[in-house]
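Notes to accompany the following structure.
The values are calculated or read from the model by the stated rules, or taken from the named source; none is laboratory data. Keep in mind that what you see is a predicted model, and the values were worked out from it rather than measured. Cβ placement follows ideal geometry from the backbone for every residue including glycine, while neighbour counts extend to all protein chains displayed. The accessibility values were calculated without ligands, DNA or RNA, using every heavy atom of the protein model including side chains. Shrake-Rupley method; radii C 1.70, N 1.55, O 1.52, S 1.80 Å.
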Amino acid sequence: MKRSKVLAVLSYLNVLAVFPLFMSKDDHFVKTHLKQGLFLSLSFILLPFVLIIPLLGWVIGAIWFALLVVLWLIAIISAITHREKPIPLFGKFLAKIAI
């Protein structure tokens, strides 16, 4: 249980998500958090492209950043407490993706 919890937390730490990707072949708990972590990392990577747009992009980008930080906190707390809770808004969609 402790190993899967550590791997689940690593799933949310950008580059360190590589370790859970290769070390959790059959752990459903880790894979759930890995999908969510990769989605949040990709969303953070795409954020600067929204900020290029003057004014409207800055407003959307600020809201997007705040939403991502809240989702990231919810997800990492869920991993630390060893719960397989999907992140709001995107969790059900991410559950359908196979890794």
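The table for this structure:
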| item | result |
| --- | --- |
| Neighbourhood net charge (13 Å Cβ-Cβ; Lys/Arg +1, Asp/Glu -1) for Leu94 | +4 |
| Accessible surface, per residue, of the chain when the full set of protein chains is kept, probe 1.4 Å, Å² | 64 |
| Descending semi-axes in whole angstrom, ellipsoid equivalent of the chain, from the Cα gyration tensor | 27, 13, 11 |
| Accessible surface of the stretch 1-93 [probe 1.4 Å, protein heavy atoms]: carbon and sulfur percent | 80 |
| Lys pairs, the chain - Cα-Cα below 17 angstrom, 8 or more residues apart or on other chains | 14 |
| Positive minus negative residues near Pro20 (Lys, Arg vs Asp, Glu; Cβ under 13 Å) | +3 |
